[in-house]
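The values are calculated or read from the model by the stated rules, or taken from the named source; none is laboratory data. Nothing here was measured: the structure is a model prediction, and the numbers come from that model. All Cβ positions, even for glycine, are placed from backbone atoms using ideal geometry, and neighbour counts span all protein chains on display. Surface areas here come from the heavy atoms of the whole protein model, side chains and all, with no ligands, DNA or RNA. Shrake-Rupley method; radii C 1.70, N 1.55, O 1.52, S 1.80 Å.
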Amino acid sequence: MNESKNKDKKDFLEGKLILLGDSGVGKTNLINVTMGKKFLENDNVTITASFSEKTFEIDSNKYKIYFWDTAGSERYRGVTKLYYKGSDIVIFVYDITSIKSFNSLKEWIKETKEIIENDYVCGIVGNKKDLYKEQQISDKESKEFAQSIGMKLKIVSAKEDREGFIEFVQDLIKEAKPILENKRDSILLKESKTKKHKCKC
Ligand code: GTP
Ligand code: MG
């Protein structure tokens with residue numbers, strides 16, 4: 001690697017992370033608590049999508065991750081799909097007290113495969129662990145499902161276990177490192193080609 005190429009390189013990797021899952025599973029709250037914001041008790045249905053960013057330092061590597069919060073509601077599904085593309089990390093969320101949200105995972109996963117063309121890593125999060133007394137899907141059942149499709153799974157609570165979700169995110173970021181490096185390198189290559197082209201004109 002020559003020096004000029006090194007100079008162009010940022011000292012961090014950037015990535016897009018998206019949360020998908022039915023309305024009410026807790027996507028907005030998982031992102032809020034990751035960003036250090038307060039947990040919201042009331043329903044606050046997300047319309048379309050929005051993003052917030054957080055920097056992580058993992059094994060001496062810095063990552064700037066853009067967290068995309070999407071609308072789970074059927075009403076906004078068409079618009080939400082516009083935000084899938086370019087995601088490097090996809091987290092499918094279900095609510096452990098809602099069998100319906102668990103059964104929907106297959107549909108979310110299928111749709112994502114159809115839309116995202118680039119490489120990405122993904123995992124499943126079962127949220128609302130604090131409501132274990134109302135649990136409708138056993139840990140065994142969810143583990144078996146995740147294993148059957150080769151995905152990581154973590155049961156968390158946005159309300160009472162923000163660290164659990166953050167740890168899971170960090171695991172996925174580590175796994176996505178080669179994808180993020182490739183993306184950075186191809187952007188740098190494109191930029192250097194554009195610069196060269198400009199000089200000749
Ligand atoms: P959409 O924006 O409609 O797609 O929903 P969402 O997935 O963003 O859900 P949201 O974060 O708005 O949470 C829905 C409801 O579940 C709210 O009333 C939250 O307070 C509640 N909730 C979210 N996470 C938890 C949790 O870990 N435990 C408990 N007890 N409630 C939670
Ligand atoms: Mg929301």
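Output the residues belonging to the range 22-36 that are more than 6 Å from ligand 1 (Cβ to nearest atom) and on the phi > 0 side of the Ramachandran plot. Before you say what the answer is, go through the steps one by one.
Within the range 22-36, the first condition is being more than 6 Å from ligand 1 (Cβ to nearest atom), and the residues that meet it are 22, 30-36.
Once the filter is applied, which keeps residues that are more than 6 Å from ligand 1 (Cβ to nearest atom) and on the phi > 0 side of the Ramachandran plot, the range 22-36 yields only Gly36.
Could you please let me know if Lys128 is in contact with a helix residue (DSSP H, G or I) (Cβ under 9 Å, 6 or more places away or on another chain), surrounded by 14 or more Cβ atoms within 10 Å (Cβ to Cβ), on the phi > 0 side of the Ramachandran plot and not aliphatic (A, V, I, L, M)? Give the derivation first.
Working: in contact with a helix residue (DSSP H, G or I) (Cβ under 9 Å, 6 or more places away or on another chain): yes; surrounded by 14 or more Cβ atoms within 10 Å (Cβ to Cβ): yes; on the phi > 0 side of the Ramachandran plot: yes; not aliphatic (A, V, I, L, M): yes.
Yes, satisfied.
Residues checked against (1) of a type in the set (S, T, N, Q); (2) surrounded by 13 or more Cβ atoms within 10 Å (Cβ to Cβ); (3) touching a Leu at 6+ places or on another chain (Cβ under 9 Å):
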{"residue": "Ser50", "(1), (2), (3)": "yes, yes, no"}
{"residue": "Asn61", "(1), (2), (3)": "yes, yes, yes"}
{"residue": "Tyr76", "(1), (2), (3)": "no, yes, no"}
{"residue": "Ile89", "(1), (2), (3)": "no, yes, yes"}
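Checking the condition within 16 Å of Thr34 (Cβ to Cβ) and either away from ligand 1 (no atom under 11 Å from the Cβ) or open to solvent by 40 Å² or more (accessible area, probe 1.4 Å) (or both), which residue from Lys110, Lys81, Lys154 passes? Please lay out each step first, then the result.
On the way: Lys110 fails: within 16 Å of Thr34 (Cβ to Cβ); Lys81 fails: within 16 Å of Thr34 (Cβ to Cβ).
Result of the check over Lys110, Lys81, Lys154: Lys154.
Show me the helices (runs of 4 or more DSSP H) entirely contained within the range 11-113 in which 1 or more residues are under 17 Å from the mean Cα position of the chain (by Cα) and either among the aliphatic types (A, V, I, L, M) or within 16 Å of ligand 2 (Cβ to nearest atom) (or both). Even if it seems obvious, please write down each step before you answer.
Details: elements: 27-34, 77-80, 99-103.
Here the list reads 27-34, 77-80.
Restricting attention to the range 157-189, which residues are open to solvent by less than 80 Å² (accessible area, probe 1.4 Å) and without any contact (Cβ under 8 Å) to a residue 40 or more places away in the chain?
Ser157, Asp161, Gly164, Pro178, Asp185, Ser186
Across the range 136-167, what is the number of residues that are in contact with a Gly (Cβ under 6 Å, 6 or more places away or on another chain) and either more than 15 Å from Ile109 (Cα to Cα) or not in a helix (DSSP H, G or I) (or both)? Full working, then the answer.
Here is the first cut: in the range 136-167, the residues in contact with a Gly (Cβ under 6 Å, 6 or more places away or on another chain) are 142, 151-152, 155-156, 158.
With the extra rule that they be either more than 15 Å from Ile109 (Cα to Cα) or not in a helix (DSSP H, G or I) (or both), the set shrinks to 151-152, 155-156, 158.
Residues meeting the conditions: 5.
Anything in the range 25-48 that is under 27 Å from Glu14 (Cβ atoms), without any contact (Cβ under 8 Å) to a residue 24 or more places away in the chain and surrounded by 11 or more Cβ atoms within 10 Å (Cβ to Cβ)? List them, or say none.
Matches in the range 25-48: Lys37 only.
I'd like to check something: does the range 37-45 contain any residue that is in contact with a strand residue (DSSP E or B) (Cβ under 7 Å, 6 or more places away or on another chain) and within 15 Å of ligand 1 (Cβ to nearest atom)?
If we filter the range 37-45 for residues that are in contact with a strand residue (DSSP E or B) (Cβ under 7 Å, 6 or more places away or on another chain), which is where we start, we get none.
There is no residue in the range 37-45 that is in contact with a strand residue (DSSP E or B) (Cβ under 7 Å, 6 or more places away or on another chain) and within 15 Å of ligand 1 (Cβ to nearest atom).
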